[in-house]
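Any read-out appearing in this document is the output of simple, stated calculations on the displayed coordinates, not a laboratory observation. The model shown is predicted, which means the values in this text are computed figures rather than measured ones. Cβ: placed from backbone, ideal geometry, glycine included. Neighbour counts: every protein chain shown.
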Amino acid sequence: MTMSTGTAPASVGPAEFRDAMAHLAAPVTLVTTLDASGRRWGFTASAVTSVSMEPPLLLVGIGRESSCHRALTAADEFVVNLLGEEHRATARVFATRGTDRFAATGGFEPWPGAGLPYLPGATAAFRCRRAGVVPAGDHDLVLGELVEIHTGTSAAPLVWYQRDFHTPRH
């Protein structure tokens, strides 16, 4: 796939695109990292996907205006915590601007040997080494090479659909 970067105006506006994308269910994750001074950073993300099996890579999209942008794009490592329905309140807190997200929630532990904040009860937690940052419109796509995976005990996934959190029922 080739990305067009031409100067022709887009025929679809941001509001129309956002409305249409609300129909695409996406997993809810918390992306967490540490900055150079050891401060914890994290945000709720639904723009996360696998990229490659060999080597194992995943991708996290982050808006350049995000308060976590600098910390994530500069970090050597980060964690993608895949959330279950029991993490709904935590996902809301981490999606809120202007709050100390870690102080307002609990359950985070330092990843053994790395110190990165992660949720042991997450469906899965993916510890990644930053493999690259690709500019894409008003976002950056952060590629992560998998270093370790921790699986938790969450029973039902949390998804973002129609601009709200939902739990699919079997």
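What list do you get for T44, T105 if you sort them by fewest beta carbons within 10 Å?
So the ranking, lowest neighbour count to highest, is T105, T44.
Roughly how many whole Å is it from the C-alpha centroid of the stretch 33-86 to that of the stretch 88-144?
Centre-to-centre (Cα) distance: 5 Å.
Label A136 and I149 with points 7 Å out from Cα along Cα→Cβ: what is the distance between them in nm?
So the two model labels end up 2.1 nm from each other.
Can you bin the stretch 26-163 into rounded, prolate or oblate? Criterion: square roots of the alpha carbon gyration tensor eigenvalues sorted a ≥ b ≥ c, rounded for a/c under 1.5, prolate for a/b above b/c, oblate for the rest. Provide the component values of the computation, followed by the final result.
Values: a/c = 1.18, a/b = 1.13, b/c = 1.04.
Rounded, since a/c falls under 1.5.
Using the count of nearby Cβ atoms within 10 Å as a rough guide to exposure, how do Y161, Y118 rank from fewest to most? Could you put the intermediate results ahead of the total?
Values: Y161 15, Y118 26.
Fewest-to-most ranking of Y161, Y118: Y161, Y118.
Taking the chain as a Gaussian network, where each spring joins two C-alpha atoms under 10 Å apart, which residue of F108, F78, F126 fluctuates the most?
In this elastic network of the chain, the residue with the biggest mean-square fluctuation among F108, F78, F126 is F108.
Rank the residues L82, L30, L24, L141 as a footprinting-exposure proxy: fewest other Cβ atoms within 10 Å of their Cβ go first. Please list the in-between numbers first.
Values: L82 21, L30 27, L24 10, L141 17.
Final ranking by Cβ density, sparse to dense: L24, L141, L82, L30.
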